Amino acid sequence: MLRAVGLVKSFAGLHGARVRVLAGVDLAVAPGEYVVITGASGSGKSTLLNLVGLLEDPDAGEVWLADRPLSHASRGEKSRARGRLIGYVFQSFLLVASLTALDNVCLAARYVGGDRAAARRRALGLLEQFGVAHRRDHYPPQLSGGEQQRVAYCRAMLNDPPLLLADEPTGNLDAEQAGAIREALRRRARSGGAVVVVGHRPEPTQDADRVLTLTEGVLK
Amino acid sequence: MSRLLRGYAFTVTGIAVGVAGLTALGAMAERIVRFVDGGDRFVRGQISVAGQGLGLGTGFTGGGLLPAAKIREIARVPGVAGVQAQVMLPLDTSTSQFLTLTQELILGLDLSVPTPNRNYRELPVAAGRFLRPGDRRAVVVGADFASARSLRPGGRLSLEGRPYMVVGVLERMLTAPDRFAVVPLEDARELLLAKDPILLNLTLGRGDLNTGAAVGWLPAEDGDAVARRIARTVPGVNVTIPSELSRVLRSSTAFFSALLVGIGALGLVIGGLSLSNTVAAAVFERIRDFGIKRALGASDRQLGGEILREALGVSLAGGAAGVALAVVLGVAVNAHVARRGQHLFLFSPRLVVGALLFSAVLGGVAAIYATSRVVRLPPAEAIRRGA
């Protein structure tokens, strides 16, 4: 489902110096596989997730999704791939403040076409499943961190994407809620979805098919 | 949507203030343009004739008194459809009044003949009635003249110590007649004698006391050609050629026209920069949201369409609020200065539509510029910049 080859990424540092975050990362995730990537803070986990999620371009290397090379594809192709192939749970949730919880979830369906009423029904079902349906008409600033995280998860799942990328998906949840999310991720993988989770806490690793560690810019 | 609009409240307010200033400037320009255009339309509708010599009264024609015999001679010139003797004199002969462009005038009309002006067959009456043949000590006043003195039909007005009955108030025309007091010709002659008693010493018949005459021409004729024919065939008169008088009027107001163009251009530049900057800033302020939408699969066209719709909505809301603000302030100022017989702002339909179009077009251009910048950013970069 996902193949990344030789991903290199650096950012501008102080005084114009380049700071290399990824130094040639290779990663392959098959459908139905649940991969956890750990690493210290600042090791580049989120950057790696951004690259494989087509949210930014690598300096070198290539990302393949569903057997198509996409790192150097057109903006339109990348947009279509992001909408149809990838569900993304961001570390800071990234909900749109001017939209209700329900509208935030439905936003994922807006750009991929299809029946909006059906998408709304699916969104309500997901909010129900993760215990935030009663907050569907609330705006993000009116939700707790845990509630926002669950809404973000519902949004990532709405289009039933073949690849789910999650950045610290249980970071703001209590044990019970975190368990529900982990169980959902496991179900996702069992039903054939490829799941990549990054986190620096040890809990998620117990569910994983593979645990990789990002250190000094490469996966080990 | 309401939450989204609330998020844009500051932007809408910023645009509204800019558009309000622009609309107010435009409304002042419209007022002056209407004044000049009205005068131009008037002078193109008739040939104004005065007697030879220096001016005794005032009006559109320089010259001396126009005796009754000359009026009869003019009426016999081929192509002339009608001649109306007139007396025009300033209400207030003090220097300070005389030097203003919006001087209040007394106009005496010979009501026994139809008004020959082709563009003003009759002056529109808002309340009461116009003068009729046989009226004496009756006056019809212009809108500004009336509002400066709180006059209504049935009211009283004193001219040169003589009581007059207000029989009508003209509609606001936003041009010279707004400041007229129109009286029967005989009454105007009395007022002329009262203002200039030296005329009593001249051996003049009563019918010779005319400061000028308005001359109309037959439908098949050209006004300029008839005016030249009068000048050629009737000696001892000053004849103005309608198109030449129009040119003189235009050139005498050229300074104001240039001033208005300058103010308008400045207003457009300042208002335009303010509006486009505000809209672009509002788009960049939401760059994080647009990054999120890109991450969820929004294409250039989808995202651009959303931004453009929002920007147009915000620009039009700001534009409409700005126009409304300018109208409210303008109406209040007009009501205040009406007591002094002034009318400063004219909010014409073309001004209102123009201001809204201006807001929408500039808002759209600014949004397209901002969108072209936003869609080029990778989603992660847009999210980082908006964090």
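Quick one: which residue in B:Gly313, B:Gly297 is modelled with pLDDT of 90 or more and within 14 Å of another protein chain (Cβ to nearest Cβ)?
Of B:Gly313, B:Gly297, the one residue that is modelled with pLDDT of 90 or more and within 14 Å of another protein chain (Cβ to nearest Cβ) is B:Gly297.
Checking the condition within 13 Å of chain A (Cβ to nearest Cβ), touching a residue at least 60 places away in the same chain (Cβ under 8 Å) and not in a loop (DSSP other than H, G, I, E, B), which residue from B:Ile368, B:Ile307, B:Ile292 passes?
Just one listed residue meets the conditions, B:Ile292.
For the range B:143-243, which fully contained helices (runs of 4 or more DSSP H) count at least 3 residues that are in contact with a strand residue (DSSP E or B) (Cβ under 8 Å, 6 or more places away or on another chain) and under 17 Å from B:Ile74 (Cβ atoms)?
Details: elements: B:143-149, B:185-195, B:223-233.
Per the criteria, B:223-233.
Looking at A:Gln177, A:Gln149, which is the one that is in a helix (DSSP H, G or I), polar (S, T, N, Q) and over 28 Å from A:Met1 (Cα atoms)?
A:Gln177
Could you tell me how many of the residues in the range B:223-265 are farther than 19 Å from B:Val43 by Cβ and over 20 Å from the mean Cα position of the chain (by Cα)?
Total satisfying the criteria: 5.
Listed residues A:Gly44, A:Gly32; which is on the phi > 0 side of the Ramachandran plot, at pLDDT 90 or above, among the small types (Gly, Ala, Ser) and buried (at least 18 other Cβ atoms within 10 Å of the Cβ)?
Of the residues listed, the single one that is on the phi > 0 side of the Ramachandran plot, at pLDDT 90 or above, among the small types (Gly, Ala, Ser) and buried (at least 18 other Cβ atoms within 10 Å of the Cβ) is A:Gly44.
Can you say whether A:Ala189 is surrounded by 17 or more Cβ atoms within 10 Å (Cβ to Cβ) and at pLDDT below 85, as far as the supplied structure shows?
On the way: surrounded by 17 or more Cβ atoms within 10 Å (Cβ to Cβ): yes; at pLDDT below 85: no.
When the stated conditions are applied, A:Ala189 does not pass them.
What's the total number of residues in the range B:98-113 that are within 18 Å of B:Phe35 (Cβ to Cβ) and either modelled with pLDDT of 70 or more or in contact with an Asp or Glu (Cβ under 7 Å, 6 or more places away or on another chain) (or both)?
Of the residues in that region, 4 qualify.
Residues to consider are B:Phe256, B:Phe284; find the one that is assigned to a helix (DSSP H, G or I), modelled with pLDDT under 80 and of a type outside the set (Gly, Ala, Ser). Give the derivation first.
Numbers: B:Phe284 fails: modelled with pLDDT under 80.
None of the other options fit; the residue is B:Phe256.
Can you pull out every residue in the range A:109-127 that is more than 11 Å from chain B (Cβ to nearest Cβ) and either farther than 26 Å from A:Arg182 by Cβ or of a type outside the set (Gly, Ala, Ser) (or both)?
A:Gly114, A:Asp115, A:Arg116, A:Ala117, A:Ala118, A:Arg120, A:Arg121, A:Arg122, A:Leu124, A:Leu126, A:Leu127
Would you tally the residues in the range A:29-63 being in contact with a Leu (Cβ under 7 Å, 6 or more places away or on another chain) and not hydroxyl-bearing (Ser, Thr, Tyr)?
Residues meeting the conditions: 15.
Give me a count of the residues in the range A:144-161 that are at negative phi, surrounded by fewer than 22 Cβ atoms within 10 Å (Cβ to Cβ) and out of contact with any Leu (no Cβ under 8 Å at 6 or more places or on another chain).
Matching residues across the range A:144-161 total 3.
Somewhere in the range B:252-260, is a residue within 14 Å of chain A (Cβ to nearest Cβ), touching a residue at least 60 places away in the same chain (Cβ under 8 Å) and of a type in the set (Phe, Trp, Tyr)? Step through it out loud before you land on a result.
Here is the first cut: in the range B:252-260, the ones within 14 Å of chain A (Cβ to nearest Cβ) are none.
No, every residue in the range B:252-260 fails to be within 14 Å of chain A (Cβ to nearest Cβ), touching a residue at least 60 places away in the same chain (Cβ under 8 Å) and of a type in the set (Phe, Trp, Tyr).
What single numbered condition from (1) away from every other protein chain (no Cβ under 13 Å); (2) crowded, with 22+ Cβ neighbours inside 10 Å; (3) touching a Cys at 6+ places or on another chain (Cβ under 8 Å); (4) not charged (D, E, K, R) fails to hold for A:Phe130?
Tallying (1) away from every other protein chain (no Cβ under 13 Å); (2) crowded, with 22+ Cβ neighbours inside 10 Å; (3) touching a Cys at 6+ places or on another chain (Cβ under 8 Å); (4) not charged (D, E, K, R), A:Phe130 fails exactly one: (2).
Anything in the range A:86-108 that is assigned to a helix (DSSP H, G or I), surrounded by fewer than 23 Cβ atoms within 10 Å (Cβ to Cβ) and more than 9 Å from every other protein chain (Cβ to nearest Cβ)? List them, or say none.
Of everything in the range A:86-108, those that are assigned to a helix (DSSP H, G or I), surrounded by fewer than 23 Cβ atoms within 10 Å (Cβ to Cβ) and more than 9 Å from every other protein chain (Cβ to nearest Cβ) turn out to be A:Leu102, A:Asp103, A:Cys106.
Of the residues in the range B:303-337, how many are within 30 Å of A:Leu85 (Cα to Cα) and crowded, with 17+ Cβ neighbours inside 10 Å? I'd like the intermediate steps shown before the answer.
First, the residues of the range B:303-337 that are within 30 Å of A:Leu85 (Cα to Cα): B:303-310.
After this cut, where a residue has to be crowded, with 17+ Cβ neighbours inside 10 Å as well, the list is B:303-304, B:306-308, B:310.
The total comes to 6.
Out of all the residues in the range B:131-168, which are among the polar types (S, T, N, Q) and surrounded by 13 or more Cβ atoms within 10 Å (Cβ to Cβ)?
Listed by number, the list holds a single entry, B:Ser147.
The values are calculated or read from the model by the stated rules, or taken from the named source; none is laboratory data. Predicted model, so just to flag it, every value in this text is computed and none were measured. All Cβ positions, glycine included, derive from the backbone under ideal geometry; neighbour counts span all protein chains shown.
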